[in-house]
Amino acid sequence: MLEVRSVGKRFGGLQAIQDASFTVEKGSITGLIGPNGAGKTTLFSIVSGSFSPTTGQVFFEGQDITGFPAHVLARRGIGRTFQIVKPFAGLSIIENVTVGAFLRHHNRSKAEKVARDVARRVGLTGDLDRPASDLTVAGRKRLEVAKALATEPRLLLLDEVLAGLNPSEIRDIIPVIRALRDDGVTILMIEHVMQAVVSLCDRVHVLAQGRIVAAGTPAEVVADPAVIEAYLGQGAAARLNPVRSAAHA
Ligand SMILES: Nc1ncnc2c1ncn2[C@@H]1O[C@H](COP(=O)(O)OP(=O)(O)OP(=O)(O)O)[C@@H](O)[C@H]1O
Ligand SMILES: [Mg+2]
């Protein structure tokens, strides 16, 4: 469904992404993990059209979409959430979601009907007419997913939707993400909560210092010395497990 091919992104003197390639299969939940500053959010911004890559190409459903702007890609079926959630504070919860639904439904009552259905799917409950600013952190995360989902994406990019949630809130939202996939939305998710990555993702790509350093099932990547080194520093894999690291070397 998605192919990122040899993508690079330079910000002035900083090479944030370098020669990154990976694919996302239709119908999958694919993870993108890596240490802070690895370039994960930058890759999302490239795939969703907020940034153009400096080098490389992006293909969506077989078509070259490199450099297409965000509003065009939203219409084509790529939705994203933002790591720093910013609801429209002056609007109610349902109005926030309806903003997304206006992409495909210009009739207000139809857009609001779609928004109410989306709110239910992500588990936004209670009075949806109260101000979005009243929501807890967990509620804001669900709202962020709902705003993106209301654009009716076929590919949904989730940027750390579990960050800042407590363990029981994380347990509650995992089935919501799985249900979206079961309803036909392909998901690419950036996530630091490994419990969620292991339970949700079919495949995981690991980005470190702008490069893809590993890919595989969650079980494969967490055991990969290159991934342990990316998170814990050079030599960490050998210090943690000298015998297995020697076998890999
Ligand atoms: N608009 C920008 N202008 C200049 N530098 C940027 C910009 N956006 C990101 N960067 C830099 O690019 C690098 C990658 O940042 P990015 O936000 O993509 O990392 P990340 O993997 O999402 O990190 P985190 O896990 O902390 O969210 C960082 O060094 C960051 O400071
Ligand atoms: Mg980020």
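Residue by residue, here is whether (1) among the basic types (Lys, Arg); (2) crowded, with 18+ Cβ neighbours inside 10 Å; (3) farther than 26 Å from residue 167 by Cβ; (4) within 16 Å of ligand 1 (Cβ to nearest atom) holds:
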| position | (1), (2), (3), (4) |
| --- | --- |
| 192 | no, no, no, yes |
| 204 | no, yes, no, yes |
| 207 | no, yes, no, yes |
| 225 | no, yes, yes, no |
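Within the bounds of the stretch 111-121, is there any residue that is part of a loop (DSSP other than H, G, I, E, B) and surrounded by 19 or more Cβ atoms within 10 Å (Cβ to Cβ)? Let's see the steps before the verdict.
Residues of the stretch 111-121 part of a loop (DSSP other than H, G, I, E, B): none.
No; the residues of the stretch 111-121 include none that is part of a loop (DSSP other than H, G, I, E, B) and surrounded by 19 or more Cβ atoms within 10 Å (Cβ to Cβ).
A quick yes/no check of all residues on (1) farther than 21 Å from residue 162 by Cα; (2) of a type in the set (S, T, N, Q); (3) touching a strand residue (DSSP E or B) at 6+ places or on another chain (Cβ under 6 Å):
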position	(1), (2), (3)
48	no, yes, yes
56	yes, no, yes
76	yes, no, no
81	no, yes, yes
101	yes, no, no
108	yes, no, no
Quiz item: Given 81, 30, which one is modelled with pLDDT of 95 or more, touching an Asp or Glu at 6+ places or on another chain (Cβ under 6 Å) and within 18 Å of residue 148 (Cα to Cα)?
Solution: 81
Quiz item: Taking the condition assigned to a helix (DSSP H, G or I) and within 16 Å of ligand 2 (Cβ to nearest atom), does residue 196 pass?
Solution: yes
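In the set 29, 46, 17, which member is in contact with a Cys (Cβ under 9 Å, 6 or more places away or on another chain), crowded, with 17+ Cβ neighbours inside 10 Å and of a type in the set (A, V, I, L, M, F, W, C)?
Working: 46 fails: in contact with a Cys (Cβ under 9 Å, 6 or more places away or on another chain); 17 fails: in contact with a Cys (Cβ under 9 Å, 6 or more places away or on another chain).
From the options 29, 46, 17, the qualifying one is 29.
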Quiz item: Any chance the stretch 134-148 includes a residue that's buried (at least 23 other Cβ atoms within 10 Å of the Cβ) and small (Gly, Ala, Ser)?
Solution: yes
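The values are calculated or read from the model by the stated rules, or taken from the named source; none is laboratory data. What you see is a predicted model; the values in this text were computed from it and never measured. Every residue, glycine as well, gets a Cβ built from its backbone with ideal geometry; the counts of neighbours run over all protein chains shown.
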